[in-house]
Amino acid sequence: MNGRSLVAAALVPLTLAAGVAVAAPPSDRVLPAEQYTTDKGRALAAAHRGALQELNSGLYHCWPWVEVQKASIGFYRPKNATQDDRYLSTRIYIEQDPSPAFARLKFEERATAMFSRYVGPLLRRMTKSPALAADPKLDGFTAILEWMKPAAPVGGRPVHETVAIFIDKPTALDYLQSRTDIRTLSSKARVLGFDGETPLGTIAIGPAWDDNFVTTFKVANYQLEPGVVCQ
């Protein structure tokens with residue numbers, strides 16, 4: 001088994017109970033327009049409210065092993081922005097079984113594996129609306145991926161690892177329109193790491209690869225709500 005196959009085998013979502021998702025996800029996962037602090041942010045939120053709710057619904061129904069918390073989807077400023085740049089940001093918590101193979105990897109290697117698995121599919125979901133992707137007010141995209149740290153709990157509480165991935169709009173569109181590949185995308189992205197609440201600063205991840213897990217994984221006995229189609 002090669003390195004990529006080993007990582008893929010290690011990233012196994014938690015076993016989920018069989019059932020059917022309820023008809024609609026919680027609506028508070030999208031930051032309301034009135035909570036933005038600038039005209040640019042409010043304008044983006046008002047113009048693309050439907051697209052953001054569709055993004056929320058797609059993640060809820062089609063990726064049932066991830067959790068989206070309150071206000072995790074919105075047009076946030078990227079960290080250290082010097083002007084009112086607005087990136088469409090989505091934060092997900094990824095539930096997966098503990099894995100000794102995953103635990104043996106360095107943090108940067110775990111981050112690379114998560115990038116390879118989730119960033120491409122997440123970008124495609126974030127740009128399903130042509131109007132949103134083409135909006136000149138939109139400056140880029142942020143994917144925030146969080147998972148449980150493969151280590152003993154601290155003070156009885158599990159610690160999470162997080163990466164915040166910032167991709168400017170031209171770089172993201174080049175990838176989405178197949179002018180560049182996932183390796184180029186990972187080399188141009190700015191990635192910040194966090195060990196629990198401790199910031200690790202900018203981290204250097206390795207070249208990403210095309211992981212088809214999101215498009216091929218099926219949760220056993222999980223039934224979509226009638227009328228819901230996952231693409």
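The values are calculated or read from the model by the stated rules, or taken from the named source; none is laboratory data. For clarity, every value in this text was computed on a predicted model and none was experimentally measured. Neighbour counts run over all protein chains shown; Cβ positions are idealised from the backbone, glycine included.
Annotations
- Residue in the stretch 180-187 that is surrounded by 21 or more Cβ atoms within 10 Å (Cβ to Cβ), at pLDDT 95 or above and not in a strand (DSSP E or B) present: yes
- Pair list, Cβ under 6 Å, 6 or more apart: the stretch 168-192 residue among the polar types (S, T, N, Q), other residue assigned to a helix (DSSP H, G or I): 171/188; 180/174; 186/115
- Residues of the stretch 66-82 that are modelled with pLDDT of 95 or more, hydrophobic (A, V, I, L, M, F, W, C) and in a loop (DSSP other than H, G, I, E, B): 68, 71.
- When the stretch 43-89 is filtered for residues that are touching a helix residue (DSSP H, G or I) at 6+ places or on another chain (Cβ under 8 Å), more than 29 Å from residue 220 (Cβ to Cβ) and small (Gly, Ala, Ser), the ones remaining, listed by number, are 45, 46, 47, 51, 71, 74.
- If the condition is being surrounded by fewer than 20 Cβ atoms within 10 Å (Cβ to Cβ) and touching a residue at least 60 places away in the same chain (Cβ under 8 Å), then the stretch 33-49 contributes 40, 43, 47.
- Taking the stretch 83-137 as the range and being among the hydrophobic types (A, V, I, L, M, F, W, C), closer than 17 Å to residue 46 by Cα and assigned to a helix (DSSP H, G or I) as the test, the residues that pass are 126, 131, 132, 133, 134.
- In the stretch 204-222, the residues that are β-branched (Val, Ile, Thr), part of a loop (DSSP other than H, G, I, E, B) and within 17 Å of the chain's Cα centre (by Cα): 205
- Of the residues making up the stretch 130-171, those that are among the basic types (Lys, Arg) and within 20 Å of residue 194 (Cβ to Cβ) are 149, 157.
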